[in-house]
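Let me begin by presenting the structure, written as structure tokens, before commenting on it.
Each reported figure results from applying straightforward, stated rules to the coordinates on display, with no laboratory input. Please read all numbers here as calculations on a predicted model, not as lab measurements. Neighbour counts are summed over all protein chains in view; Cβ atoms, including those assigned to glycine, are modelled from backbone coordinates with ideal geometry.
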Amino acid sequence: MSDGISKGHRVSFDDALAIVRHVAPPLPAVEIPLQRAHGAVLARDVVAFADYPRFDMSAMDGFALSSQSTETASDAAPLFIPINGQSFAGRAPVGPLGDGWTITTGAPIPPGCDTVLPRERATIADLAGLLHLRLTSPLPVDANIRRRAEDAAAGETVARSGQRVRAEMIGALRCCGVTQVRVAEMPKVTVFSTGDELIGLDGSIIDEGVHDSNSSMIVAQVREAGAQATLASQLPDDAASIANAIRAMSAKRSHIIISTGGVSVGERDYVPAALEACGATIHFHGVYMRPGKPVLFASLPDGTLFFGLPGNPVAAYLGFRFFAYAALRSMVGLAPEVGLEIDVEAPRHAEVTRFLRVRSTFSSCGPRVELLSEQQSHRMRPLLAANAWLAMPPQRDLSRKPIIYPLSCLGVR
Ligand code: AMP
Ligand code: MG
């Protein structure tokens, strides 16, 4: 090949994704406290431990009554009902049967009551020092009452295996008293950057230097993808140093190691040689896509997965976004990501899938995309204006439609 990446290891975008999914192993399930499960993926359905609501309770601050006792109320013949009971949130109701009860939101509905009159709609009359509700119309049954178990009954399935634990799920499960969940073990990812030119966060500035954006960015992507990230030291363009570092990292039991830079065919691109020295199996090296062409995927002898991402920041971002993310999804038991096919005119390349930065919006006629003007692979700022990728299949796949994907692993924003 003119670009020197061995032809045998070069694959289409779709084949690359399929290979990643095939190779990435599902991780074992573990039982953990719910509050530590944020971002993990459920490995078992979760059932409600308790009813939610746990008992019939008031939805308003106001007065609890028996609706039947209000049936005869009218403008012509107002009813006066004494307020003698109290039911406050977190306490048992105290008071006589049959009268009106002062009640707060979340407090138990007192015995004999089946309706709540909100405080702001109540008229209170003082009759000889005793407070009474003055009613001029009957109150409907069940008004302003949250019924026991109306959201979830104990034993009912509330969340399903294969769902990602998000904040709203933690809230819904805690409402039902759940404290523990079974989730896929959270993948651990070690990230390092390579390049003699890199200026680290605390490194000295050299005239020919380039700020290392990739390592911080990829660590953030790992977290967005719901995995644990460790940032390892930046490495020089030197095969032996890179090989030694990879050996040390895989011994520390990361599930995935990710490098950036040094993976193409330049004079000083040493990641492939370092992997060879470590005895790695290369699954692919080079994907028919742009940006991101030099991306490499390998397994180390101990089973650790390795992604060699290109140094170009946009290519590194894309490499993680699609390939490392596909591996992480398959490890935690999530179904493969599916993009949205869309009819849109954009230039196709003869043989590579082009990834274009776009803004997508939904109109009444369906999804629309606006191509951003700056598409060069080193330009990062356009990513801040984009919210999606448009994958344009190559010309030789003219029957394939363009597909849009959310920009990041966080999904649609
Ligand atoms: P490489 O893949 O090593 O040939 O690098 C391709 C381009 O990406 C070069 O312009 C590098 O200086 C740049 N580059 C490599 N690594 C990084 C990094 N960690 N952060 C920002 N730019 C980088
Ligand atoms: Mg380099």
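Within 10 Å, Cβ to Cβ, of G311, how many net charges do the neighbouring residues add up to if Lys/Arg are +1 and Asp/Glu are -1?
Numbers: positive: none; negative: E197, D212, D269.
Combined, the nearby Lys, Arg, Asp and Glu give -3.
With a cut-off of 11 Å between beta carbons, the residues surrounding E374 carry a summed charge of +3, where Lys and Arg count +1 and Asp and Glu -1.
Look at the Cα gyration tensor of the stretch 340-411: its axes a ≥ b ≥ c give a/c of at least 1.5 with a/b at or below b/c, and that counts as oblate. Taking the empirical scaling 2.2 N^0.38 Å for compact globular proteins as reference, the stretch 275-393 has a Cα radius of gyration ratio of 1.19. Peptides 138-144, 75-81 ranked from most to least packed, by the mean per-residue count of other Cβ atoms within 10 Å: 138-144, 75-81. With a Cα cut-off of under 27 Å and a minimum spacing of 8 residues unless on different chains, the lysine pairs in the chain number 5. For the pair the stretch 124-185 / the stretch 292-350, the C-alpha centres are spaced 43 Å from each other. Residue ranges 307-317, 47-57 sort as 307-317, 47-57 when ordered by packing (mean number of other C-beta atoms within 10 Å per residue, highest first).
Shown for the chain is the translational diffusion coefficient from the Stokes-Einstein equation, using the Kirkwood radius over Cα pairs, a temperature of 37 °C and a viscosity of 0.692 mPa s: 128 µm²/s. Summing charges over all other residues whose Cβ lies under 11 Å from the Cβ of G39, with Lys and Arg as +1 and Asp and Glu as -1, gives +3.
With distances taken between every two different alpha-carbon atoms, the stretch 1-129 has a Kirkwood hydrodynamic radius of 20.7 Å. Here the stretch 57-146 is described by how far its Cα atoms reach on the three principal axes: 38, 28, 23 Å, from widest to narrowest. Taking a ≥ b ≥ c as the square roots of the eigenvalues of the Cα gyration tensor, the stretch 180-261 is oblate, since a/c reaches 1.5 or more and a/b is not larger than b/c.
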